[in-house]
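Remarks on the structure that follows.
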Amino acid sequence: MCGIVGYIGNKQAVNVICDGLEKLEYRGYDSAGVAVVNGDSKVNWAKKQGRLSGLEAVLEQSPIEGTVGIGHTRWATHGAPSDINSHPHLNMSETIAVVHNGIIENYMEIRERLTAEGYVFKSETDTEVAVHLIDKYYEGDLLQAVYKAVAEFRGAYALGVVSSNHPGELVAVRKESPLIVGVGEGEYFIASDVPAILKYTRNVYYLENDEVVYVKDGKIQILDAEQNVVDKELKVVEWDIEAASKGGYDHFMMKEIYDQPQAIRDTLLRRLDENRMIRLDDIKLTKEDLDGIQKMYIVACGTAYHAGLVGKYAIEKLAKVPVEVDIASEFRYSDPFIDEHTLLIVVSQSGETADTLAAMKLAKSKGARVLAITNVVGSSVAREAHDVFYTWAGPEVAVASTKAYTAQMIAFYMIALDFAFKKGTITLERYHELVNNIEALAPLVEEILADKAQIEKMAEDMKDAQNAFYLGRGVDFTTAREAALKLKEISYIYTEAFAAGELKHGPIALIDQGTPVLSIVTQDALQEKMISNIKEVKARGAFVIAIAKKGDTEIAKVADDLFYIPEAEDLLMPVLAVIPTQLISYYVSIARGNDVDKPRNLAKSVTVE
Ligand code: AGP
């Protein structure tokens, strides 16, 4: 996701825009830019790869005057971070400028058509088709040209548009990607999120899909898709400025936990074509390639490794291909079997983890094909890989990974489906059933997140624990491992995950009176075994908190406390089961007075061995 800010009024636009972009850097920060109209025949603009401070330095050297403008801070989805791929994008005569947040899914077909009509593209972005299409339809009326252009888009977009031909006008459009309008004294603002404008006004309109903002000569209109005026209620924002820098949440981690439904939708839906088939444009693995693969590894670190464990389940179950999963720091020194018939899938949110990168280079040196799942466009992992699957979770700032994890699992489900379809190991009916079931996860996550008060109380009961254990079987053991990592890394409580069937082989010796044991019970075929394991630890004094599917009344008979989650098919349950464990970790960390977003001894990206 990216950050958009626009301004029209009597202040210097660049100052207002840079103020706002700074508050939106949590939305993306690989490049930034501004475009200002001030009566000159062309739009005045500046844009630069890197953090906002780099752009501000450029503007310091070469100031841009003017009271109407748009700005953007980027989180790349199409086209690596670079000056030329930064927004704003301009038409060839530099009389129209556009900033965009979202993804125009049919941009390639529009780009090909416009190129054939003589338009010259400079960037690799999807956004650039927007400004050339507006230019194509421009016949003296900026608003009408914008309406005609967006009518051709498929996907998600929030757009800001200015033109040197219309110095008193600002146009903005919202479709899926959020956009708000700030209303000041004789001035108006557009922004991706409230933090950008709180310094100037608390009066906002929250735009709905297909609504268009048109400011002309000091007057504002909000129009619908048919250009009818929409009568919207002006809201007053209550946020404090501090919270606003985290999108209104107290911590980035909580914001990112709540970003997960959108991250799931963005990662999935923008890759479904009109027949609801998954389209993995950046993965060129054909059926023949897959049939030639004799060994498949998934390699990663930490949370990304746990996503890889879920990926193993998905690929083995759907594509019927055996998969080995390993942590990168072990894989690279284990002299693994690798040759030209090997596929290595690496997972890395940051795309910069040293051990993961080293594992990739080792595999490539031995002829392996490398597919990377990463959240950062243009990262080292992305550049080193033969194929890339970008999770579109948006920047993850908190050290404890949450939305990247769920987006990585979605990525694996989609890759497994793609492989299964190519290898013919799945029927089209089952393929579509799974696509529908994956899509249904986002609202189910929202349902869990709505229940956070119960979890906050559970966490209160755990905050003084000296240690804690997570139990699970099958894919629930994977969730237990991720949950244990989350709890230990931000609460500093010694937490370990056990395969529940292993308890009798040693770990049960650790259970004492009141030991908190969190049991993940979502797999139907393993539920009875888990109930037995819960009884075993309770008999030794454990306090058992179960995370189970709604309707599982048997578990309620044995657990001391219970958090029900909605039901999905077993394979997809890890996406739902992890949500309460993320919230438990967050609240326990808060209760213990820790720095949730920056826990001790840890860094967000481990770029050293
Ligand atoms: C996740 O909560 C941890 N902070 C950590 O394990 C992280 O997942 C690991 O360092 C891998 O990072 P990456 O995904 O950026 O490669």
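Across region 373-392, which residue is farthest from the ligand (Cβ to nearest atom) among those that are under 23 Å from PRO574 (Cα atoms), open to solvent by less than 10 Å² (accessible area, probe 1.4 Å) and not β-branched (Val, Ile, Thr)?
Checking each candidate, the answer is PHE389.
Considering VAL325, VAL321, which residue is open to solvent by 10 Å² or more (accessible area, probe 1.4 Å), in contact with a helix residue (DSSP H, G or I) (Cβ under 8 Å, 6 or more places away or on another chain) and outside any strand (DSSP E or B)?
VAL321
Within 16 Å of the ligand (Cβ to nearest atom), open to solvent by 20 Å² or more (accessible area, probe 1.4 Å) and farther than 15 Å from ALA542 by Cβ: does that describe GLU528?
Working: within 16 Å of the ligand (Cβ to nearest atom): no; open to solvent by 20 Å² or more (accessible area, probe 1.4 Å): yes; farther than 15 Å from ALA542 by Cβ: yes.
Judged against the criteria, GLU528 is not a match.
I'd like to check which strands (runs of 3 or more DSSP E) are fully inside region 196-253 and have at least 3 residues that are surrounded by 13 or more Cβ atoms within 10 Å (Cβ to Cβ) and among the β-branched types (Val, Ile, Thr).
211-216
Looking only at region 552-609, count every residue that is under 22 Å from ALA304 (Cβ atoms) and basic (Lys, Arg) and tell me the total.
Total satisfying the criteria: 3.
Considering only region 8-127, give the helices (runs of 4 or more DSSP H) lying wholly within it that have at least 3 residues that are open to solvent by 10 Å² or more (accessible area, probe 1.4 Å) and closer than 30 Å to GLN221 by Cα.
Correct list: 13-23.
If ASP266 satisfies every condition in (1) within 30 Å of GLU609 (Cβ to Cβ); (2) among the acidic types (Asp, Glu); (3) surrounded by 20 or more Cβ atoms within 10 Å (Cβ to Cβ); (4) away from the ligand (no atom under 16 Å from the Cβ) but one, which is the exception?
(1)
Determine the pairs where a residue that is within 21 Å of THR125 (Cα to Cα), located within region 31-52, has a partner that is open to solvent by 70 Å² or more (accessible area, probe 1.4 Å) and not acidic (Asp, Glu) with Cβ atoms under 6 Å apart, the partner being 6 or more residues away or on another chain.
SER31/GLN49; ALA35/TRP45
Looking at region 150-178, which of its residues are within 18 Å of ILE8 (Cα to Cα) and aliphatic (A, V, I, L, M)?
Matches in region 150-178: ALA158, LEU159, VAL161, VAL162, LEU170, VAL171, ALA172, VAL173.
Taking region 556-603 as the search range and keeping residues that are of a type in the set (Gly, Ala, Ser) and away from the ligand (no atom under 16 Å from the Cβ), which one is most open to solvent (accessible area, probe 1.4 Å)?
Filtering region 556-603 for residues that are of a type in the set (Gly, Ala, Ser) and away from the ligand (no atom under 16 Å from the Cβ), the one most open to solvent (accessible area, probe 1.4 Å) comes out as GLY593.
Which residue, of TYR333, TYR258, is open to solvent by 50 Å² or more (accessible area, probe 1.4 Å), away from the ligand (no atom under 16 Å from the Cβ), more than 18 Å from the chain's Cα centre (by Cα) and among the hydroxyl-bearing types (Ser, Thr, Tyr)?
Of the residues listed, the single one that is open to solvent by 50 Å² or more (accessible area, probe 1.4 Å), away from the ligand (no atom under 16 Å from the Cβ), more than 18 Å from the chain's Cα centre (by Cα) and among the hydroxyl-bearing types (Ser, Thr, Tyr) is TYR333.
Would you say VAL381 is under 24 Å from MET296 (Cα atoms), in contact with a Leu (Cβ under 8 Å, 6 or more places away or on another chain) and part of a helix (DSSP H, G or I)? Before the answer, list the steps.
Numbers: under 24 Å from MET296 (Cα atoms): yes; in contact with a Leu (Cβ under 8 Å, 6 or more places away or on another chain): yes; part of a helix (DSSP H, G or I): yes.
Taking the combined requirement at face value, the residue satisfies it.
Six or more apart or on different chains, Cβ under 6 Å: which pairs go from a residue in region 594-606 that's touching a residue at least 60 places away in the same chain (Cβ under 8 Å) to one that's away from the ligand (no atom under 11 Å from the Cβ) and outside any loop (DSSP other than H, G, I, E, B)? Could you list them?
Pairs found: VAL596/SER589; ASP597/PHE252.
Quick one: count up the residues across region 531-544 that are open to solvent by 40 Å² or more (accessible area, probe 1.4 Å) and part of a loop (DSSP other than H, G, I, E, B).
1
So which pairs qualify, if the first residue must be in region 557-576 and within 20 Å of ASP461 (Cα to Cα), the second must be open to solvent by 10 Å² or more (accessible area, probe 1.4 Å) and small (Gly, Ala, Ser), the Cβ gap must be under 6 Å, and the two must be at least 6 apart or on different chains?
As it stands, the answer is LEU562/ALA556, since those pairs meet every condition given.
Of TYR138, TYR147, which residue is closer than 19 Å to LYS175 by Cα, in contact (Cβ under 8 Å) with a residue 40 or more places away in the chain and open to solvent by 10 Å² or more (accessible area, probe 1.4 Å)?
Of TYR138, TYR147, the one residue that is closer than 19 Å to LYS175 by Cα, in contact (Cβ under 8 Å) with a residue 40 or more places away in the chain and open to solvent by 10 Å² or more (accessible area, probe 1.4 Å) is TYR147.
Here are some residues: ILE293, ILE338, ILE345. Which one is assigned to a strand (DSSP E or B) and either more than 16 Å from the ligand (Cβ to nearest atom) or under 27 Å from THR427 (Cβ atoms) (or both)?
After ruling out the rest, the residue left standing is ILE345.
Exactly one of these conditions fails for ALA509: (1) out of contact with any helix residue (DSSP H, G or I) (no Cβ under 8 Å at 6 or more places or on another chain); (2) part of a helix (DSSP H, G or I); (3) among the small types (Gly, Ala, Ser); (4) in contact (Cβ under 8 Å) with a residue 12 or more places away in the chain. Give me its number.
Unmet for ALA509, out of (1) out of contact with any helix residue (DSSP H, G or I) (no Cβ under 8 Å at 6 or more places or on another chain); (2) part of a helix (DSSP H, G or I); (3) among the small types (Gly, Ala, Ser); (4) in contact (Cβ under 8 Å) with a residue 12 or more places away in the chain: (4).
In region 15-43, which residues are out of contact with any Asp or Glu (no Cβ under 8 Å at 6 or more places or on another chain) and closer than 16 Å to VAL98 by Cα?
The answer is ILE17, LEU21, ALA32, GLY33, VAL34, ALA35, VAL37.
Give me a count of the residues in region 540-554 that are more than 23 Å from ALA509 (Cα to Cα) and small (Gly, Ala, Ser).
Of the residues in that region, 2 qualify.
SER350 - would you say it is among the polar types (S, T, N, Q), under 21 Å from VAL445 (Cα atoms) and not in a helix (DSSP H, G or I)?
The answer is no for SER350.
The values are calculated or read from the model by the stated rules, or taken from the named source; none is laboratory data. Given the structure is predicted, the values throughout are model-derived calculations rather than measurements. Counting neighbours? That spans all protein chains shown, and the Cβs are built from the backbone with ideal geometry, glycine included. Only protein heavy atoms, including side chains, enter the accessible area calculation; ligands, DNA and RNA are left aside. Shrake-Rupley method; radii C 1.70, N 1.55, O 1.52, S 1.80 Å.
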